[in-house]
Amino acid sequence: MGNANCLFCACIQQSNVGVVEKWGRFLMLAQPGFRFLNPLAGECLAGILSTRIRSLDVRVETKTKDNVFVQLLCSIQYRVVKENADDAFYELQNPEEQIQAYVFDVVRALVPRMNLDELFEQKGDVAKAVLEELEKVMKTYGYSIEHILMVDIIPDPAVRKAMNEINAAQRLQLASVYKGEAEKVLQIKKAEAEAEAKYLGGVGVARQRQAITDGLRQNILEFSHKVEGTSAKEVMDLIMITQYFDTIKDLGNSSKNTTVFIPHGPGHVRDISNQIRDGLMEAASAELKAE
């Protein structure tokens, strides 16, 4: 049920306040409830104001310090002060236009001092400045500014597209840096693994050759002690011939080899034995020089 009034009485609903005049002059504020009026004495109900909080959305277009046009959407929540409802009733004919004008004035004076990035970071400061100015002005007209919310900041579509492209480029650049660092680490680890494998392979080959040399030396010493009158050269030649024939046998037994051409004959066996013996002697000589 809404507010009701007639010539002799008035019923004011909760969250409302009535303005009573006498002979066209303000007399009093009528609080919620039922009230008698004396029309013979010139009393009448001039109007009723709501004391509920109302919301006003204001869209302001302005320019930032770096010449970017933006739209700011402000939401102003205000109400009539019950004790000063007569000022709100008589002083302002259109409070929404008044509030909107002050919002335009404050925003357009403050935003041009900021860059676009600063505006996004400090939109709370803009809302606070608008609130302080409106409170100071609208208080004299019987209105209280409860809250001001900076709902949205909308740059020009071309600027938004450029900002998104810059953001995407920065993220791609960062991703490229991370990818390059990952590839760098992978290459380093791969090189370290190859170096370690080559080192271990070299150690294995060296140990293999050392074992072969030790075995040959041991065989020569044992053969020389057991068979009198044989020299180390003769024993070495005999071992080389034995290994030579073992190698030929292995090549013949291998299923993966089809045809292999190798020089064969006593002279070639002697050449191979001479080459191996010379190599061993050079290695021994190098070890003596190193010591």
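The values are calculated or read from the model by the stated rules, or taken from the named source; none is laboratory data. Keep in mind it's a predicted model, so treat the numbers as computed, not measured. Glycine gets a Cβ as well: all are built from the backbone with ideal geometry, and neighbour counts include every protein chain shown. Just so you know, the surface numbers come from the protein's heavy atoms only, side chains and all, with ligands and any DNA or RNA stripped out. Shrake-Rupley method; radii C 1.70, N 1.55, O 1.52, S 1.80 Å.
Some observations on this one:
- Some residue of segment 84-105 being under 37 Å from the mean Cα position of the chain (by Cα) and of a type outside the set (D, E, K, R): yes
- Restricting segment 14-37 to residues that are without any contact (Cβ under 8 Å) to a residue 24 or more places away in the chain and assigned to a loop (DSSP other than H, G, I, E, B), the residue that is nearest to GLU83 (Cα to Cα) is GLN31.
- Members of segment 119-136 found to be hydrophobic (A, V, I, L, M, F, W, C) and either touching a Phe, Trp or Tyr at 6+ places or on another chain (Cβ under 6 Å) or open to solvent by 50 Å² or more (accessible area, probe 1.4 Å) (or both), listed by number: PHE120, LEU134
- Residue in segment 54-64 that is part of a loop (DSSP other than H, G, I, E, B), touching a Pro at 6+ places or on another chain (Cβ under 9 Å), hydroxyl-bearing (Ser, Thr, Tyr) and over 30 Å from PHE120 (Cα atoms) present: no
- Residue among GLY180, GLY142 that is open to solvent by less than 100 Å² (accessible area, probe 1.4 Å) and either on the phi < 0 side of the Ramachandran plot or in contact with a His (Cβ under 7 Å, 6 or more places away or on another chain) (or both): GLY180
- Residue tally, condition over 30 Å from ASN67 (Cα atoms) and either in contact with a helix residue (DSSP H, G or I) (Cβ under 7 Å, 6 or more places away or on another chain) or of a type outside the set (S, T, N, Q) (or both), over segment 158-206: 30
- Lone qualifier among LEU37, LEU29 - being within 20 Å of TYR143 (Cβ to Cβ) and of a type in the set (A, V, I, L, M): LEU29
- For segment 43-57, the criterion of a residue being acidic (Asp, Glu) and either closer than 18 Å to ILE12 by Cβ or over 36 Å from the mean Cα position of the chain (by Cα) (or both) is satisfied by at least one position.
- Any helices (runs of 4 or more DSSP H) falling wholly within segment 68-156 and containing at least 1 residues that are more than 30 Å from LEU45 (Cβ to Cβ) and out of contact with any strand residue (DSSP E or B) (no Cβ under 6 Å at 6 or more places or on another chain): 95-110, 116-121, 123-138
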